[in-house]
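Worksheet: the structure to be examined is printed underneath.
The values are calculated or read from the model by the stated rules, or taken from the named source; none is laboratory data. Note that the structure is predicted; figures quoted are calculated from it, not measured. When we count neighbours, we look across all protein chains shown, and the Cβ atoms used for this are built from the backbone with ideal geometry, even at glycine.
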Amino acid sequence: MKNLIDIHTHSISSGHAYSTLQENVFEARRKGLIYYGLSDHAPAMPGGVHPYFVSNLRIIPETIEGVRILKGIELNILDENGKVDVEDRDLASLDYAIASLHMPCFSPKSEALNTQALIRVMEHPAVKVLGHPDDSRFPLNVQAVIEAAAAQHVLIEINNSSLRPTSFRQGARENYLKILSLCAEKKVPVICNTDAHVSFQVGDIDLALALIEEARFPYSLVVNFSHDLIQEYILKPKQKK
């Protein structure tokens, strides 16, 4: 199976990443990706982009070196009601948004409130991917999250970075096995992303794929291998069920 896409990546604009957009795109081309997505950290993250950054993404070409460029952002969930840190008018100009819980922007709360935050943020029309819902520091009602993702037509991310031995996120492997089991049961597609903070990581989803194989998760529900799923979940406006 050939990986076609990586849409959770960061450039030097994120403040704590180490490669330029051009370096990331060249690595995507080298890895044979068809689609590359830039999703730098939104403004509430320390070191994140200025609000003007989001509206100005329109200047980036749609294709670079034969790679289709998708313009996105990694939003910070700010409260249990799913508030995010980019204005709707700017989000409307993007191809997609990833919504994630980050410690500097959202203090861990009860399982019920953490779950509510994810369910509410998935209702936003720009949010197409739920980023790294894998950290035991943010306990979740996983079944409720998966059911909401199905209803809101949102992809669940399997984050390769979370599975690295050096990751600061806790319990990712065990949490993903539970997530994959429920996604298979509910027929909810997943997307494997790198969360690359340096160009060398772009397109490298080896740990995520190993876990998918271990879980015997159906490849037909992995967006990375399907032009049709990429079209349905990423390229088209979000359609709720």
Worksheet item: If you take the residues in the stretch 183-206 that are hydrophobic (A, V, I, L, M, F, W, C) and touching a strand residue (DSSP E or B) at 6+ places or on another chain (Cβ under 9 Å), which one is nearest to residue 13 (Cα to Cα)?
Response: 196
Response to the item:
The condition of being surrounded by 13 or more Cβ atoms within 10 Å (Cβ to Cβ), farther than 26 Å from residue 217 by Cβ, out of contact with any Leu (no Cβ under 9 Å at 6 or more places or on another chain) and of a type in the set (Ser, Thr, Tyr) holds, among 14, 93, 110, only for 14
Worksheet item: Scanning for something more than 16 Å from the chain's Cα centre (by Cα) and buried (at least 20 other Cβ atoms within 10 Å of the Cβ), does the stretch 193-202 turn up at least one residue?
Response: yes
Practice prompt. Sort through 47, 72, 37 and tell me the only one that's surrounded by fewer than 23 Cβ atoms within 10 Å (Cβ to Cβ) and either of a type outside the set (Ser, Thr, Tyr) or out of contact with any Cys (no Cβ under 6 Å at 6 or more places or on another chain) (or both).
Written response: 47
Practice prompt. Quickly run through the stretch 126-171 and pick out the residues that are within 18 Å of residue 186 (Cα to Cα) and polar (S, T, N, Q).
Written response: 141, 143, 152
Fill in: Residue that is touching a Phe, Trp or Tyr at 6+ places or on another chain (Cβ under 6 Å), at pLDDT 95 or above and under 23 Å from residue 6 (Cβ atoms), where the choices are 163, 180
180
Fill in: Lone qualifier among 98, 77 - being at pLDDT 95 or above, β-branched (Val, Ile, Thr) and touching an Asp or Glu at 6+ places or on another chain (Cβ under 6 Å)
98
Worksheet entry | Search result, residues across the stretch 140-171 that are touching a residue at least 12 places away in the same chain (Cβ under 8 Å), outside any helix (DSSP H, G or I) and either touching a helix residue (DSSP H, G or I) at 6+ places or on another chain (Cβ under 6 Å) or over 18 Å from residue 97 (Cβ atoms) (or both) | 140, 141, 155, 156, 158, 160, 164, 169, 170, 171
Worksheet item: Hey, among the residues in the stretch 1-36 that are under 23 Å from residue 130 (Cβ atoms) and either among the charged types (D, E, K, R) or part of a helix (DSSP H, G or I) (or both), which one's nearest to the chain's Cα centre (by Cα)?
Response: 6
Practice prompt. Name the one entry in 67, 84 that is under 26 Å from residue 236 (Cβ atoms), among the aliphatic types (A, V, I, L, M) and in contact with a Phe, Trp or Tyr (Cβ under 8 Å, 6 or more places away or on another chain).
Written response: 67
Worksheet item: How many residues, within the stretch 112-139, are farther than 20 Å from residue 160 by Cβ, part of a loop (DSSP other than H, G, I, E, B) and free of Cβ contacts under 8 Å to residues at least 40 places away in the same chain?
Response: 1
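Results for (1) outside any strand (DSSP E or B); (2) of a type outside the set (Gly, Ala, Ser); (3) under 16 Å from residue 123 (Cβ atoms), shown as yes or no for each residue.
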residue	(1), (2), (3)
70	no, yes, no
74	no, yes, no
79	yes, yes, yes
82	yes, no, yes
86	yes, yes, yes
90	yes, yes, no
94	yes, yes, no
98	no, yes, yes
103	yes, yes, no
Discussion item. What's the total number of residues in the stretch 203-232 that are surrounded by fewer than 17 Cβ atoms within 10 Å (Cβ to Cβ), among the polar types (S, T, N, Q) and under 20 Å from residue 131 (Cβ atoms)?
Written reply: 0
